[in-house]
Amino acid sequence: MKTSYREKTYRIALVAMFAALSAIGAFIRIPFPGIPFTLQLFFTTVAGLLLGGELGALSVLVYILLGLIGLPVFTGGGGFSYVLQPSFGYLLGMVGGAFVTGKLTQTKDGKPGFVRVLIACFAGLFVIYLIGVPYLYCICRFYMDKVIGMRVLLVDYFLIFMPTDSIKMVLAAIVGTRLIPVLRKPKKKSAADNSVV
């Protein structure tokens, strides 16, 4: 079944909106003892939940591309040289995280339960760290010539962020459970889909 012009426009608008929210979220800082707490991860996760895997990942990718062409949408500015920042791997991970989260919450009735949504959020978070932590290590080791021990890598760049990131995942799951049925309605089968070939 062909996608109508109106539906395409609606999808483009949602992708653009969540790309903007990802950029804004990077600069929204909530006071939290000892750890930077921004809403970027929350918005990229919600993008996967509400837009689905493909469009959610696309919205994060659009955000990254805007930063790479020079717009100051990253916390450290913008420009292609940002790929050499140790934290850039986490941004790439957010593309995969949004995709995985969106795919795992895809159901026939369009109404995944809270537990499923929460598991999907944490699965996406795992993907982000799976990409982000090795990327950080490689940039530090091979570009900055800075050796990071395994213990420091796991504690300072993974475990220390888990409490705040877990809070974001729970909040994203609450929002997603309520809004997924509204924004991700299952496609209706056409007569052609029901016909026997």
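Values computed for the structure shown
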read-out: Close pairs from the stretch 12-31: first on the phi < 0 side of the Ramachandran plot and crowded, with 16+ Cβ neighbours inside 10 Å, partner at pLDDT below 95 and polar (S, T, N, Q), Cβ under 9 Å, at least 6 apart; value: G25/T38; A26/T38; A26/T75
read-out: Among (1) within 25 Å of G48 (Cβ to Cβ); (2) buried (at least 17 other Cβ atoms within 10 Å of the Cβ), the one test that P134 misses; value: (2)
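For every residue, the table says whether it meets (1) within 27 Å of Q106 (Cβ to Cβ); (2) in a helix (DSSP H, G or I); (3) over 17 Å from the mean Cα position of the chain (by Cα); (4) at pLDDT below 95.
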{"position": "Y10", "(1), (2), (3), (4)": "yes, yes, yes, yes"}
{"position": "V15", "(1), (2), (3), (4)": "yes, yes, no, no"}
{"position": "F18", "(1), (2), (3), (4)": "yes, yes, no, no"}
{"position": "S22", "(1), (2), (3), (4)": "yes, yes, no, no"}
{"position": "P31", "(1), (2), (3), (4)": "no, no, yes, yes"}
{"position": "F42", "(1), (2), (3), (4)": "yes, yes, no, no"}
{"position": "T45", "(1), (2), (3), (4)": "yes, yes, no, no"}
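The values are calculated or read from the model by the stated rules, or taken from the named source; none is laboratory data. Since we're looking at a predicted model, the values are computed, not measured. No Cβ is skipped: glycine too gets one built from the backbone with ideal geometry, and neighbour counts run over all protein chains shown.
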